[in-house]
Every structure is written in C-alpha cells, then in structure tokens.
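Chemist: Okay, here's the structure, questions in a sec.
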C-alpha cells in the first residue's frame, strides 16, 4: 500500500468531476461545524474505500462500479472542503483514510458480493447520518443552502446504496458479522471526528 493511495486533498481531485462548485456564500453555522466535520471525514473515508477496492479487485464490473462511485465521492469531498475551513477539519483524517481503504480492500479480496454488501451497509449508515443533519437544518431557514448541499449528497449516497443492494441475494453469518462491524466502526468514527 502506498501512502499516495490514502492521501487526498482538494488538489488531488479532478475539478472537472464536479457538477457544480459549492457556492462560496454557504456558511456553516456554529452548531453544525462538528456534523460537517464528520461529513468531511466520512467523504474522505468514502474516497479511500473506493481506492481500496480498485487497489485489490480485478473484477471488471466491480472496478467500473468503484470508479463511478469514486468520482461521485470525490465531488462530495470537494463540495464539503469548499465550505469547511481547514482549521475546522478533523485531526483524525489519516486514520479515516486508512480505515476507509481497508473497508474497501478487505471485502474486495472476497469478491463482488462482499463489496456490494459493504457499500450497502456504509451507505445505509451515511443516509441516516445526512438525514439527521437535514432535519436539523430544516428548522433553520437561514441555512437552506447548506441543507440543499447535504440533500444532494444524501441523494447520491442513497443511489449508491440502492445500486449495491440490487446486486445482493441474501447474506450469511459472515455477512451479518461484517455488516455489524462496519456499522459499529462507522458510528465510532463519527463520534471521534466530531470531537477531534
């Protein structure tokens, strides 16, 4: 594993991938900074998940799936980096990238079903995480532009989840245990990056 696989910043991502730039006018209210910090860390981890899949899988369908979703997650990362000042970002980003890379690479060792199961679980968690923030912002019309940005990201994540889920046909005990570990890790990660 090369460190270049795990490090990313706005300068590493192709600006042509973005459907639109985050408006400079979007302000993150004080009470949402920790949540948006967790979004930034999560999108950093998501980029790493797909890089991990691409580093390991040789399945053409999985590689195409990962490339397509990597482009979307890279765009999300750019959008959130545009509104979250560097000093507000988590100090745990290197750990998030390593954890994300492993979350993609490990299931890729076991084949397509394991990859799709992982993405289903991760995106189910992310859907809920974004939904909670959107509900908070729905009560705060002054920050409708931030809510719209999060809604856009959430819609993409739901699409990713549904695409992965459509490829699954049940799960065994190992799938259940892996799903539990991924969900537990996601929750722990969010709790940590919201603080640090």
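Each reported figure results from applying straightforward, stated rules to the coordinates on display, with no laboratory input. Since we're looking at a predicted model, the values are computed, not measured. For neighbour counting, all protein chains shown are included, and Cβ atoms are generated from backbone atoms with ideal geometry for every residue, glycine included.
Chemist: Quick one: helix 173-195 against the long Cα principal axis of the chain, what's the angle to the nearest 10°, folded into 0 to 90?
Modeler: 20
Chemist: If you find the alpha carbon centre of segment 29-44 and of segment 81-129, how far apart are they in angstrom?
Modeler: Distance between centres, Cα-based: 14 Å.
Chemist: Then there is this: If you fit an axis through the alpha-carbon atoms of helix 93-110 and take the longest principal axis of the Cα set of the chain, what angle between them do you get, 0 to 90°, nearest 10?
Modeler: 30
Chemist: Taking the chain as the reference, fit the longest principal axis to its C-alpha atoms, fit the long axis of helix 144-165 to the helix C-alpha atoms, and give the angle between the two in degrees, 0 to 90, nearest 10.
Modeler: 10
Chemist: Let me ask something additional. Using r as the Cβ-Cβ distance of residue 174 and residue 139, and R0 as 45 Å, what FRET efficiency do you calculate, to the nearest 0.05? List each step's numbers first, then the result.
Modeler: On the way: r = 42 Å, r/R0 = 0.93.
Efficiency computed from Cβ-Cβ geometry: 0.60.
Chemist: Over segment 30-195, what is the relative contact order in whole percent, taking alpha-carbon pairs under 8 Å and six or more residues apart?
Modeler: Relative contact order comes out at 30 percent.
Chemist: Which value in deg cm²/dmol, rounded to the nearest 500, describes the helix-derived mean residue ellipticity at 222 nm for the chain, given -39,500 (n - 2.57) per DSSP H run of n ≥ 4 and division by the residue count?
Modeler: That calculation yields -25000 deg cm²/dmol at 222 nm.
Chemist: To continue, here is another question. For residue 148 and residue 86, calculate 0.36 nm times their separation in residues minus their Cα-Cα distance, and state this gained length in nm to one decimal.
Modeler: In short, 20.1 nm is gained.
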